[in-house]
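The values are calculated or read from the model by the stated rules, or taken from the named source; none is laboratory data. Please read these numbers as outputs of a predicted model, since none were measured by experiment. Heads up, the Cβs are rebuilt from the backbone with ideal geometry, glycines too, and the neighbour counts pull from every protein chain shown.
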Amino acid sequence: MSQGVFSARAPSNIALIKYMGKKDGVMNLPENGSISMTLNSLCSVAEISLSGSANLASTFSDRVRWVSERPQSFHELPLEVPVLDDRGISKLVRHAEKVVSATREIFPRFGLECGEIASPENREILVFRTANTFPQASGIASSASSFATITLATALACARDRNVFESTWRMDSVFREEWARISRQGSGSSCRSLEGPWVMWEDECVQVLPSQMPPMAHFVLLVSDQQKKVSSSEAHARVKTSPLWEKRPERVVQRLVNMKQALAKGDVSTVARIAWEDSWEMHSLFHTCSEPFSYWEPGSMAILQELAPWVIGAHGASSVGTGFMTPIVTMDAGPNVHVIVDATQKDLWFNRLNRLGFKILSDHQGTGAIV
């Protein structure tokens, strides 16, 4: 690869306890903590190349280009180039500028030197190419993986010595925490995509949780691939008008404690019950706010009704004696349903879920972003 090309890869993540509501919209600080499982092959990639110099009087935004082309650094991956409108491109540019500025403060504290790209006087044009391994509107948190990989690729491009950056990234968890803080400002949940497999985010703190969970496989059942009518950002604002909102942060505090304990014990049944409860509560907030809306579609309900006995059965009902271990079932802010199962039963569960007649994307737990 050319020394003038910088690339990174970051997976999406699926929250089992949801981040919902913001107490600081600029810094993307959440009203409540969240816990997620990091994915692996369902990911986003970013590639930055250099292309000449901009005008001496140009601003940073004049130095950045996003082109609708497949990144060449990841030829082995089945990539789809997203469609970005002017607003999306502008958000990418603003975030890249924030990352470049942050390198001048963060790098010296970890013994790294900034390269010329990080200099305020630099005029080199940065050409961004981004892509996902999943359809743009498939119910995977593309903003999480996208901003995580944009953050990492931009920071790499700003380092004088890429080998030192890569080594520091791999070895120093505090260094990764610093970039999680910056990534969060582009997309809140992106801060959970830099680590894995089990990650908790509270306020400005992101940490990997100890776990005795078995290796897990992940499915998303695609009920719809249409762009959702109410954005996640709008949903964060509307939920605070629901009569169910008042005590949610307090309820989540107890869920976080209980799920951390369950993860540490490898108690899949309890993790499944808490995830189910929190997902239903989040969607109930959508349904009961002052401008109610719903992401559910008939297919969503059909899947949930099919899987409900398996989750409830973890506590003495119908899954006992079936040979199927308890699935973890959740939905994000969209119509599609995520199912997480013990990896030893991946084929067993895939065959059962496939009978429901929906397209399925498959993955497994991962360890976070890489350069």
One residue from Ala155, Ala141 being in contact with a helix residue (DSSP H, G or I) (Cβ under 7 Å, 6 or more places away or on another chain) and at pLDDT below 95:
Ala141
With Val252, Val271 as the choices, which residue is buried (at least 19 other Cβ atoms within 10 Å of the Cβ), modelled with pLDDT of 95 or more, of a type in the set (Val, Ile, Thr) and farther than 23 Å from Ala343 by Cβ?
Val252
In region 2-33, which residues are surrounded by fewer than 24 Cβ atoms within 10 Å (Cβ to Cβ), part of a strand (DSSP E or B) and polar (S, T, N, Q)?
Ser7
Checking the condition in a loop (DSSP other than H, G, I, E, B), without any contact (Cβ under 8 Å) to a residue 24 or more places away in the chain and among the charged types (D, E, K, R), which residue from Glu291, Glu246, Glu250, Glu277 passes?
Glu246
For strands (runs of 3 or more DSSP E) lying entirely in region 131-239, having 3 or more residues that are over 23 Å from Ala96 (Cα atoms) picks out 198-202, 216-222
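Yes or no, residue by residue, for (1) surrounded by 23 or more Cβ atoms within 10 Å (Cβ to Cβ); (2) touching a residue at least 24 places away in the same chain (Cβ under 8 Å); (3) hydrophobic (A, V, I, L, M, F, W, C); (4) closer than 26 Å to Thr38 by Cβ:
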site	(1), (2), (3), (4)
Thr103	yes, yes, no, yes
Pro108	no, no, no, no
Val127	no, yes, yes, no
Ala144	yes, yes, yes, yes
Where Asp172 falls short, out of the listed (1) surrounded by 18 or more Cβ atoms within 10 Å (Cβ to Cβ); (2) over 16 Å from Ala15 (Cβ atoms); (3) not small (Gly, Ala, Ser):
(1)
Which numbered condition Ser362 misses (of (1) surrounded by fewer than 17 Cβ atoms within 10 Å (Cβ to Cβ); (2) within 30 Å of Glu250 (Cβ to Cβ); (3) of a type in the set (Ser, Thr, Tyr); (4) in contact (Cβ under 8 Å) with a residue 40 or more places away in the chain)
(2)
